[in-house]
Every structure is written in C-alpha cells, then in structure tokens.
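What follows draws every value from the coordinates through simple rules; no lab data is involved. Everything numeric here is computed off the predicted structure, so don't read it as measured data. Note: ideal-geometry Cβ built from the backbone for every residue, glycine included; neighbour counts use all protein chains shown.
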Amino acid sequence: MNGAEISQPWWKGAIGYEVYVRSFSDANGDGVGDLKGVADRLDHIADLGADVIWLTPFYPSPMVDMGYDVSDYCGVDPLFGSLEDFDELIEAVRSHSLRLVIDLVPNHCSNRHMWFQAAIADPQGPYRDYFIWRDPGPDGGPPNNWVGYFGGSAWSLDPASGQYYLHLFLPEQPDLNWRNPAVVDEFDEIIRFWLDRGVDGFRVDVAQALVKDLELRDNPQVAPWVPDATRWEQWEAFEHRYDVNQIESLDLFARWRQIAAEYDAVIIGETYVLEPETLAQMLRGDGLDLGFWFKPMSIDIAAEEIREALRGPIEAVADPSMISFVISSHDEPRPPTRFGGGDLGRRRALMLSTLLFCLPGVPFLYQGEELGLVDGIVAEDRRADPVGADVSLSRDGCRTPIPWEPGVSFGFSASEVTWLPDGGRTDADTAKVQRSDDRSWLARYRALVALRRREPELVDGPVVWLDHDNPALVAFRRGTVVVVANTGDDRGAVGWSGDVLYSTVGLGGSVSSSTELEPASTIVIRISN
Ligand code: GLC
C-alpha cells in the first residue's frame, strides 16, 4: 500500500430520499401514513437506488404544524405507531442496506410540551428560561420588530405574567432559549436517545435560527411591513441580522457533531438560507456534515438563473461535497407544478435534477418526485396546513398521499378517507404502473440515480463550467463527463461529442457536437476529445 488510506464518511456522495411520514404509506388503515407503512415500502426506496432516508417528525405532537410542534422528543405519536414500530423500522432499514436519518426539531417545541407548560405555570421556576421571554415594548406591544416565518409578529403575550414569548413560527411553537445550558443538555440526551436506538443521523430543522442575538435587537427594516401581505413578503421587509444566522449556532453544531461521531452518524442542517456565503459560513469548522441548499427550489427555468443557483454554493463552500442540493420538499410546490405543470413541468424538473445529480454533494429526492408527481389538488375545505390560507402558499399540494397502485386511495391506505385527499391522481401516476414501463418517470429517475452511483467522477473532483454560444444551454464538466442542459424552448446543438451515459429523454449511443438536444432536456456524455 502506498501511504495511509484516507477513509471517507459513509455519506460522501450518497443519495438521500425524504419520507414525509403522514403521506408515504398507511399500514393501519386510519388514513394517515405511519412507521409500519414506511417499513412496508422500503423496497421502493432501495430499488430506486437511494442510500439514506430522512424521516419527517413522528414524535408525540398536537400536530398544529403537522408534527413540527413536538411535545415529547423521545417518543412516537400513536398516530404513527410506537417505539417498538420504530425499532422494527430500523431493523427493516438495515436489512435493505439503507440508512435512517430522523428530524431533530431544536428551534422550538410545542406549547403543549411539559417544558412550556411548566414555564407558563411557574414564571420563577427552572423551565421559564427554557424559552425567550421579554417585557412588552414601551408602547405595550411586542418587545422588538421581529416577524415570524409564517407572518405576523414573532411574539405572543402570556396574559398571566404580562410577558411576551418568542416564536419564529406559530404561537404554538415557542422558540427554545439556546443560551440556556440546560436546553443544551436536554438535547444532548435526546440525540443520544435516538443514536442509541440505531439512527444514522439527524436532519436539523431550521438550523439557521437556533441561537438568537443576545440583546434581541430590532432587525433593520428594508421595506414597509404590511401585516396582511404574504408571509414571505412580510419576512423580506426586514434584514435578518439579529434573529437568524447567528454565528453562535456553530458551537451547537460542533457539539452535536462530536456526539454523532461516536456513532458514525451524520448531522445535516436544514440551512434555510439563500446566499451562498451564508451557507458557506454555516458549513465552516467542525459542525454540520451537510447543509441543504434551497435556492434551486425558488428559481425559474432560465439558464442564467440555474447556472447561478448551482455555481454560487459550489464556489463559496470550501468543500462542496457537503452540499445537499434539493429542488423539492414537503414545504414547497412540487417542481413539475412550479415549472409549468404537465409533461413540460416534469421534463424541466428532471432536466434540473440531472444537473444536481451530476454535482458534488448529497442530493435528496422528495417522495413522489421520482414519479414525476405534480401538486395534488386540495379543495379549500380539505386544507390542513396552518399556513395555507392562501392556496399559492399552502404546503398541502406537495403533501398529498403517494399513489402506489391503482385502487382504493391508490394503495396508500385501505381507507377511502385519507388525511389529505389523493389530490386527483391517475393510475399512470402510480409506482406500480410506472415500474412496468421503461419510459416512465420512475424509470428515468432510477436510471439517473444509477448513473450517479456508477460514475465516481460525478462525486469527486472539480466542477468546470463550460461556455457555449447558445445562451439557453447550461453545461459543465466533471473529469471526462460533460453535462449539458437545454433550458430553452428550441432544439439546440449539444456542442460536445461522446458516448451518451444518460439522457432525460432517452437518447442513446453517441452524439456529435452538432446533435440536437431537445428543449427541456439534459444529456450526460463521456467526451471523446
Ligand atoms: C421546517 C419544516 C417545516 C416546518 C418548519 C417549522 O422548515 O420543514 O415543515 O413548518 O420547519 O418547524
């Protein structure tokens, strides 16, 4: 052997798959997905070729924010099963040679959590300081000008004590005080509890927001704040200098990383930031192993925008293999819907995903993305998302149940009534029908994952961005592999020649530089010159 072997973490170059438990698969027929349901459907994920599953919260919760309001961090909500079911799921995950990452929700808990109940009941007691309390501002209103991610003031009054508490999300999700060492200790224990049960890591919810400014200073206002504007318009009326992205959160990441390292587990941040430099800052040092990059979730299909959204983090982050690129999650409209709907939307989504899968890092697919699903239709009287008053902002459309096979509730549940409606799926949307068609979306996504798995050059090595006369093309090179996307509405010459390794529209064989690429498609070739 020449020299010491450099061992790579198991997640290097892995492929992730997000399971939104409520909507994945319902084993007990109550209309809500559950842990047994996940265990039953692991074949699908393994067959797709993913390595690591991220499971959304299944903890006891009043479900005001669909489980992101946790009332007991070390349990399983009866809606989703039991701890025993969880242990069985871990076993099943192992037997499929998959890994399991669970959601850690440390920014806030439920107002029904024992900690908050005790904090309200006894303002002098030890739990009061688990949360962030302040006296009213001089006008008797909220103590500062912070707004929540879901709109409105980030403060609610506790009438009994006359003090306000902070919540960056719903009033039912009080923010924890990460400057209190007791909170830090509590989460050390929670993390160990799940690591001891065998999980392979955590996806840290709202990682960018944990520690707040010590003095809770006002954020600089950059536009008028209109209280009935959309939640994002409200959020963007301020520069978030003091509420999020505080450097002290890095110490927490480093602490969790140390614990995780004892178990060979991974810490992935839901780093919800849109500036590459901010992501780079959060991925500095010895903290997060991976950080999500969400920008591709909010871009249009335009070559320059796509290039910038991909190139920015690759250039800013010291080690780009720490980036988790995504275009889809349980929080945003599904990409085919965003990109024009129907087959055009689907083609564009796969075109973009192909670019992500050919870049360094750990890309994640969101359940149903591999089926080319558009958003499900959810009538107004069936909406469940608390932020869904405005349909364009509701997250219900991307959360409707997965269509597994033709029949009752498309195989998601034995019940005809499901927590969200099936959303208007057809048999052609189902995994079963798509599995037997080698031109289906599922077949194309599976082939994309397979490409990523068999081409080490896509995982390691630099990304070289390539120029092209055609402004609609986005192209880059990874070693001997060239990736070209035609983002425009017209056909365009590939510009490079070589053997086709993958094509979103089923091109095979080899191409010359004048071969025409269909609109809304990506081709991956091994260049011959
Ligand atoms: C994250 C979750 C989202 C949730 C929010 C508050 O952004 O992905 O679903 O509403 O955190 O916990």
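Quick look at the numbers
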quantity: Per-residue ³J(HN,Hα) for the range 15-20, Karplus 6.51 cos²θ - 1.76 cosθ + 1.60, θ = phi - 60°, Hz, x for Gly and Pro; calculated: 10, x, 9, 8, 9, 8
quantity: Potential extension, Glu315-Gln124 segment - 0.36 nm per residue separation minus Cα distance; calculated: 63.8 nm
quantity: Rg/Rh (Cα only; Kirkwood hydrodynamic radius) as it applies to the chain; calculated: 0.97
quantity: Separation in nanometres of the label points that stand 7 Å from Cα toward Cβ, at Asp218 and Ala428; calculated: 5.7 nm
quantity: FRET E, pair Asp300, Asp30, Förster distance 56 Å, beta-carbon r, rounded to 0.05; calculated: 0.90
quantity: Separation of the Asp264 and Glu380 label points, Cα + 7 Å toward Cβ, nm; calculated: 5.5 nm
quantity: Calculated FRET efficiency for the pair Gln117/Arg439, C-beta based, R₀ 56 Å, to 0.05; calculated: 0.50
quantity: For the range 329-429, fraction of C-alpha pairs farther apart than 21 Å, in %; calculated: 36 percent
quantity: Sequence-distant aspartates and glutamates (8 or more away, or on other chains) whose Cα lies within less than 15 Å of Lys212; calculated: Asp129, Asp175, Glu239, Asp243, Glu248, Asp251
quantity: P(r) tail fraction, the range 114-166 - alpha-carbon pairs more than 12 Å apart, %; calculated: 63 percent
quantity: Full-stretch length increase - Thr480, Asp460 - with 0.36 nm per residue and alpha-carbon distance subtracted; calculated: 6.0 nm
quantity: Computed label-point distance, nm, for sites Thr230 and His96 using a 7 Å Cα→Cβ extension; calculated: 3.5 nm
quantity: Sequence-distant residues sharing a close amide H with Asp65 (under 5 Å, placed H); calculated: none
quantity: Mean separation of Cα contacts under 8 Å, 6 or more apart, over the residue count of the chain: relative contact order %; calculated: 12 percent
quantity: Potential extension, Arg491-Cys74 segment - 0.36 nm per residue separation minus Cα distance; calculated: 144.7 nm
quantity: Using a Förster distance of 51 Å, the FRET efficiency for Ser161-Trp10 (Cβ separation, nearest 0.05); calculated: 0.60
quantity: Mean separation of Cα contacts under 8 Å, 6 or more apart, over the residue count of the range 22-63: relative contact order %; calculated: 24 percent
quantity: Shape category assigned to the range 462-526 from the gyration tensor of Cα positions, a/c cut at 1.5; calculated: oblate
quantity: Filter on Lys36/Lys432; Lys12/Lys295; Lys295/Lys432 - keep pairs with C-alpha separation over 28 Å; calculated: Lys295/Lys432
quantity: Residues whose placed amide H lies under 5 Å from that of Leu365, excluding near-sequence neighbours; calculated: Gly16, Tyr17, Glu18
quantity: Alpha-carbon spread of the range 285-354, three principal axes, descending order, Å; calculated: 43, 26, 17
quantity: Rounded if a/c under 1.5, otherwise prolate or oblate - the range 233-319, Cα gyration tensor axes; calculated: oblate
